[in-house]
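Chemist: Following this message is one structure expressed as structure tokens.
No value in this document is a laboratory result; all are computed from the given coordinates. None of the values given here were measured: they were computed from a predicted structure. Because the Cβ atoms are built from the backbone with ideal geometry, glycine has one as well, and the counts that use them run over all protein chains shown.
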Amino acid sequence: MSQEILSKIDESHIDEISSSRNEPDWLKNYRKNSLSIYATLPIEISPLYNKYTDAKRLNPEKISIASSTKDTIPDFLQRRLSELENEICIIQIGTNIHRINLPDDLKSKGLVISSISDAIQNNFELVKKALESSNSNDDKFTALNNAAFNSGVFIHIPKNIVIEKPIHFLSCLSDDGLSTISRNIIFADESSKASVVQELYSSKSENQQAYLELLNTNVAANAELNITTLQMMDQSSVNFSTRRTDMAQDSKVNWYSGLFGSVLSRYKIDYYLNGTGATSNESEVVFGNNDQHFDIQTNMNHQSPSTEARVVEKSILRNRSKSLFKGMIRIKENAAKSNSFLSGRSILLDKNAKSDAIPGLEIFTNDVKATHSASVAQIDEEQIFYLKTRCLSHEEAERTIVEGFLEPLSRKMSFQVRAWISYLIESKWENRELTINTDEELAKFVEIEETRYNEDAEIEQHYKYR
């Protein structure tokens with residue numbers, strides 16, 4: 001196994017990856033073509049976005065990559081992995097698949113959970129379809145991932161299957177300082193329904209270590225997919241994620257993202273609503289402190305009539321942290337009667353925190369609804385004063401205001417996701433290690449959240465004690 005610095009990546013490294021995995025010639029050529037494109041593209045293609053982006057903080061001289069990494073499990077992750085022993089899951093440590101739990105009854109029904117290398121051999125057509133849907137010319141890091149991915153996960157949910165329990169997809173960077181370039185693919189076939197929970201972790205590293213992800217999601221007609229991404233990486237690491245979701249007729253996607261870790265996070269998210277009646281809902285929560293930077297771009301591309309999309313991003317920023325929210329609603333000529341909403345809002349808890357928002361619209365037809373909004377503000381001192389008169393400390397007052405700030409967004413989430421987000425916010429506020437679990441402490445959050453908006457229970461209680 002040879003080790004390479006990202007700034008010096010060349011065709012010999014691509015050959016080593018392909019040879020070690022016995023990849024077909026078409027894939028090797030696909031990789032090399034993407035590598036040639038990667039070398040020509042700037043970090044940010046848009047001149048407007050280039051003015052604001054912090055993606056340049058990724059230092060290719062410090063990012064080391066190899067065809068494979070160590071598979072030692074970090075100590076802090078042991079407890080979480082033990083909790084997933086009886087869950088449907090795939091665990092990735094560095095470039096290695098540590099464990100796959102796939103119940104026999106679901107396997108017999110056609111559910112596939114595997115490494116990308118196995119999928120290239122066993123699910124050739126679906127993998128090739130996903131690879132070809134990503135245009136390396138769109139973005140420098142899309143090209144890099146297409147060229148040099150050294151790991152990845154493949155999930156295929158078969159037709160007419162409803163999976164009640166969530167599929168857990170956990171990735172953690174290896175503790176040898178090597179970065180991971182991951183090519184992840186999720187297919188939800190016709191009339192299927194499933195939930196996927198993605199967890200991203202890393203250990204503390206002396207050098208800059210990166211998790212570079214390209215995730216393709218394809219949702220067929222009448223399918224429903226609920227995805228939760230929780231990014232809890234150490235602040236010595238970098239996380240770049242490019243996501244593309246293609247949606248067919250009457251399909252539905254709910255995606256909830258909680259971004260808490262890494263010193264630099266860059267998320268480029270594209271929804272392509274290709275079929276009539278497709279619906280997407282994206283909710284993003286960002287909590288930054290210290291010198292963390294979050295660069296998020298979300299694009300909704302309405303390609304067919306009567307499609308709906310909703311994106312709401314909310315950032316809480318402390319110390320010298322920074323967020324950049326870029327969003328675009330594109331409604332094409334054939335997408336009449338579409339409805340789209342885009343919102344980015346930030347609350348600054350310290351004077352040195354900073355947030356920029358650049359929402360946009362491109363409308364090419366009539367008879368549509370399209371709205372965008374953005375706001376950035378510091379906490380109102382009068383609100384702080386009022387809460388302190390109610391015997392709250394300054395920090396408790398801030399936390400109460402932050403909870404109210406997130407409240408409308410959290411109502412869109414499931415009880416479990418809401419509990420995870422609450423737990424991570426509390427952990428970050430108290431400078432605890434970022435991880436999620438299902439122990440008694442977290443169960444308390446779930447119990448509170450399950451009763452929080454249960455209006456029927458409130459009515460029943462009213463009649464019970466009359």
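Chemist: Given the C-alpha atoms of the range 251-403, compute the convex hull and give its volume per residue in Å³.
Modeler: Value for the range 251-403: 108 Å³ per residue.
Chemist: Given the alpha-carbon gyration tensor of the range 227-285, what are the semi-axes of its equivalent ellipsoid in whole angstrom, ordered largest first, with each equal to the square root of 5 times an eigenvalue?
Modeler: 28, 11, 6
Chemist: To continue, here is another question. Please report, to two decimal places, log10 I(q)/I(0) for the range 170-302 at q = 0.09 Å⁻¹ as given by the Debye formula with identical point scatterers on the Cα atoms and no solvent.
Modeler: -0.27
Chemist: OK, next. What is the spin-label model distance, in nm, from A336 to W429 if the labels are put 7 Å beyond Cα along the C-beta direction?
Modeler: The modelled label-to-label distance comes out at 5.0 nm.
Chemist: For the chain, count the residues as N, evaluate 2.2 N^0.38 Å, and divide the Cα radius of gyration by that value, please.
Modeler: 0.97
Chemist: Another question about this same structure. Go through K107/K128; K252/K332; K62/K314; K354/K428 and tell me which ones have a Cα-Cα distance over 25 Å in this structure.
Modeler: Pairs exceeding 25 Å: K62/K314.
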